[in-house]
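The values are calculated or read from the model by the stated rules, or taken from the named source; none is laboratory data. This structure is a prediction, so every number in the text was calculated from the model and none was measured. Please note: Cβ atoms are built from the backbone with ideal geometry, for glycine as well, and neighbour counts cover all protein chains shown. Just so you know, the surface numbers come from the protein's heavy atoms only, side chains and all, with ligands and any DNA or RNA stripped out. Shrake-Rupley method; radii C 1.70, N 1.55, O 1.52, S 1.80 Å.
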Amino acid sequence: QVQLVESGGGLVQAGGSLRLSCESSRSIFSINAMGWFRQAPGKQRELVATFISGSSTLYADSVKGRFTISRDNAKNTVSLQMNSLKPEDTAVYYCRAVSSGNVYWGRGTQVTVSS
């Protein structure tokens, strides 16, 4: 089992920044992939950014150049720095981990970007 706890969501004006963090209950060295997804009202959950196969990263085209995913191995934490936020970034952001073929989700954190 892997428990994931997200933090850092909130309300920000367009053009602003937020930083999300996801702490894992298990060492992230034992996790195959860990990253962030989001779900806006009425839309499907979509990939934002994730680590895959160690230090490799994958970003959605819509956030490239604005969002940066990082990891702190000592704290078992993966973070998402979000800059130049847009109203269309408004969503619930979920942390996801994949370990030994199992998928784990956090409860999500709301990000709201006002225009």
Review point. Restricting the search to the range 42-90, which residues are surrounded by 12 or more Cβ atoms within 10 Å (Cβ to Cβ), of a type in the set (Ser, Thr, Tyr) and either at pLDDT below 95 or more than 15 Å from the chain's Cα centre (by Cα) (or both)?
Key: Ser84
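Can you confirm whether Gln39 is modelled with pLDDT of 95 or more, closer than 20 Å to Val103 by Cβ, among the polar types (S, T, N, Q) and open to solvent by 20 Å² or more (accessible area, probe 1.4 Å)? Explain how you work it out, then say what you get.
Details: modelled with pLDDT of 95 or more: yes; closer than 20 Å to Val103 by Cβ: yes; among the polar types (S, T, N, Q): yes; open to solvent by 20 Å² or more (accessible area, probe 1.4 Å): yes.
For Gln39, the condition - modelled with pLDDT of 95 or more, closer than 20 Å to Val103 by Cβ, among the polar types (S, T, N, Q) and open to solvent by 20 Å² or more (accessible area, probe 1.4 Å) - is met.
Go through Ser79, Ser84, Ser62 for me and flag whichever is under 22 Å from Ala14 (Cβ atoms) and in a loop (DSSP other than H, G, I, E, B). Talk me through it step by step, then tell me what you get.
Numbers: Ser79 fails: in a loop (DSSP other than H, G, I, E, B); Ser62 fails: in a loop (DSSP other than H, G, I, E, B).
Answer to the check: Ser84.
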Revision key, fill the gap. When restricted to Tyr104, Tyr93, the only residue closer than 22 Å to Gly10 by Cβ, modelled with pLDDT of 95 or more and aromatic (Phe, Trp, Tyr) is Tyr93
